[in-house]
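The values are calculated or read from the model by the stated rules, or taken from the named source; none is laboratory data. This structure is a prediction, so every number in the text was calculated from the model and none was measured. Cβ atoms come from the backbone with ideal geometry, glycine included; neighbour counts cover every protein chain shown. Note: accessible area is taken over every heavy atom of the protein model, side chains too, but ligands, DNA and RNA are not part of it. Shrake-Rupley method; radii C 1.70, N 1.55, O 1.52, S 1.80 Å.
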Amino acid sequence: MIEASTEIVFNKRVAKNTFFMGFRSEPMVNVAKPGQFVMMRVRSSIDPLLRRPFSICGVNGDVLLILYRVVGQGTAILSEKRPGDLIRVLGPLGRGFAFPGKAVQPIMVAGGMGIAPLIFLSLTLARKDQHFLAGYGISAEVVPPDQLGIVGLSPAIATEDGSQGHHGRVTDLLESVLSNAKKIPSAIFTCGPLPMLQAVRRIALGKSIPCQVSLESTMACGVGACQGCAVRKAPRFDGAYAHVCQDGPVFDAEILDWEVM
Ligand SMILES: Cc1cc2nc3c(=O)[nH]c(=O)nc-3n(C[C@H](O)[C@H](O)[C@H](O)COP(=O)(O)OP(=O)(O)OC[C@H]3O[C@@H](n4cnc5c(N)ncnc54)[C@H](O)[C@@H]3O)c2cc1C
Ligand code: FES
C-alpha cells in the first residue's frame, strides 16, 4: 500500500455526471490489480475529512485511471480538478478478482459505475471469448469506451428506458448470453448496485456458475481500522463479519449472507 501526493494528468467528462481521471503514480501502477481500489483525499483541508474510495479502472504507462460519477460533495470537488493539480491517494487497496482458467468463458456484468473495475479486468484478461454486459438507466449515462481511449472493448448495452441498446436490464442480457452458451463453462464477474448484484447472483446460483461480486460500502478508513464496511458472511462460512475494504471488495458471491445485505 502506498500513500502519495500524485499529479493529475487529465480529468474529463465522458458521460452525464461522469468523469475519467488519470493521475501519475508509477509505484501504484506497478502493483495495481483488477478489482482493487484507491482512497482519495479530494481536498487538503479537513472538509470533507474522509477519503473517498474509487475502483481502479485501468493503467496507462505510469498513469492510474479512475472513472467516477458525481453524487455528492466529494465527487463534485474531484470533478473540478485540473491537469497539474496534486491529489493525495492511498492504494492500491483490497483484494481483486481471481482470474478464470483458460477453459472458462468470462462474463462481466456491470451496472452504472460498476463498469470501472470490470474494464480493468477485461483489459487485463484480454480474452477474445469474453462477454462484457453493461446496464445503465439512460443513454446519456452510457460511457463509450472510445471516450476512455480503449480500443477493442464493445460492451453490450442495456438501458432501462430503452434509449440505447437493449430496452431493459443488464440481467436480461446475461440470461440471453447464458442461454446461448449452455455447454461452455463460464464465470461471472459483477459490480454495480446491490439489487443488480442480488439478481446476478441468483442467476449464477441457479445455473451453478461461479460468481465474483465487487461490493461497495461506505468506507471511512479503507484499511480495516474502523469496522465501517462490515458485511456478514453466510452461516455456512461461519456467519462472521468480513471487511469490504480488506477481505474484499471482491468476494465469491456464495461466501456472503445475501439475506442481510
Ligand atoms: C470499493 C469501492 C469502489 C468504488 N468505486 C467507484 C468507482 O469506480 N466510481 C464511482 O463513481 N464510485 C465508486 N465508489 C463509490 C464512491 O466512493 C462514492 O460515490 C463516493 O465516495 C461518494 O462521495 P461524495 O462525497 O461525492 O458523496 P457523499 O456526499 O458522501 O454521498 C452522496 C451520495 O452518494 C452515496 N454514496 C456515498 N458513498 C457511497 C458508496 N461507497 N457507494 C455507493 N453510494 C455511495 C450516498 O449514500 C449519498 O446518497 C466506490 C465505492 C467503494 C466502496
Ligand atoms: S473502511 Fe474502515 S474497516 Fe473497512
> Among the residues of region 151-158, is any under 30 Å from Ala225 (Cα atoms), aliphatic (A, V, I, L, M), assigned to a strand (DSSP E or B) and open to solvent by less than 20 Å² (accessible area, probe 1.4 Å)?
Replying inline: no
> Does Pro100 meet the test of being under 18 Å from the mean Cα position of the chain (by Cα) and open to solvent by 20 Å² or more (accessible area, probe 1.4 Å)?
Replying inline: yes
> Picking from Ile203, Ile188, which residue would you name as being modelled with pLDDT of 95 or more and in a helix (DSSP H, G or I)?
Replying inline: Ile203
> Is it true that Gly206 is on the phi > 0 side of the Ramachandran plot and away from ligand 2 (no atom under 16 Å from the Cβ)?
Replying inline: no
>> Go through (1) within 16 Å of ligand 1 (Cβ to nearest atom); (2) under 18 Å from the mean Cα position of the chain (by Cα) for Cys211 and report which single condition fails.
In response: (1)
> Would region 214-231 turn up any residue that is polar (S, T, N, Q), within 16 Å of ligand 2 (Cβ to nearest atom) and not in a loop (DSSP other than H, G, I, E, B)?
Replying inline: yes
>> Testing Gly35 on (1) loosely packed, with under 15 Cβ neighbours inside 10 Å; (2) at positive phi; (3) not charged (D, E, K, R), one condition comes back false. Which one is that?
In response: (1)
> If you scan region 217-236, which residues turn out to be open to solvent by 40 Å² or more (accessible area, probe 1.4 Å), free of Cβ contacts under 8 Å to residues at least 60 places away in the same chain and not hydroxyl-bearing (Ser, Thr, Tyr)?
Replying inline: Ala225, Cys226, Gln227, Gly228, Ala230, Arg232, Lys233, Pro235, Arg236
>> Just to be sure before I move on: is Gly114 within 16 Å of ligand 2 (Cβ to nearest atom) and closer than 15 Å to Phe37 by Cβ in the structure I sent?
In response: no
> Looking only at residues in region 237-258 that are touching a residue at least 40 places away in the same chain (Cβ under 8 Å) and open to solvent by 40 Å² or more (accessible area, probe 1.4 Å), which one is farthest from Ser179 (Cα to Cα)?
Replying inline: Gln246
> Could you count how many residues in region 65-104 are within 20 Å of Glu216 (Cα to Cα), of a type in the set (A, V, I, L, M) and touching a strand residue (DSSP E or B) at 6+ places or on another chain (Cβ under 6 Å)?
Replying inline: 6
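Kindly indicate which of Gly84, Gly72, Gly111 is over 24 Å from Ser186 (Cα atoms) and open to solvent by less than 40 Å² (accessible area, probe 1.4 Å).
None of the others qualify; the one that does is Gly72.
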> Going by the conditions given, is Ser163 within 11 Å of ligand 2 (Cβ to nearest atom), open to solvent by 30 Å² or more (accessible area, probe 1.4 Å), touching a residue at least 12 places away in the same chain (Cβ under 8 Å) and closer than 24 Å to Gly137 by Cβ?
Replying inline: no
>> Can you pull out every residue in region 22-49 that is within 16 Å of ligand 2 (Cβ to nearest atom) and in contact with a strand residue (DSSP E or B) (Cβ under 7 Å, 6 or more places away or on another chain)?
In response: Gly35, Gln36, Phe37, Val38, Met39, Met40, Arg41
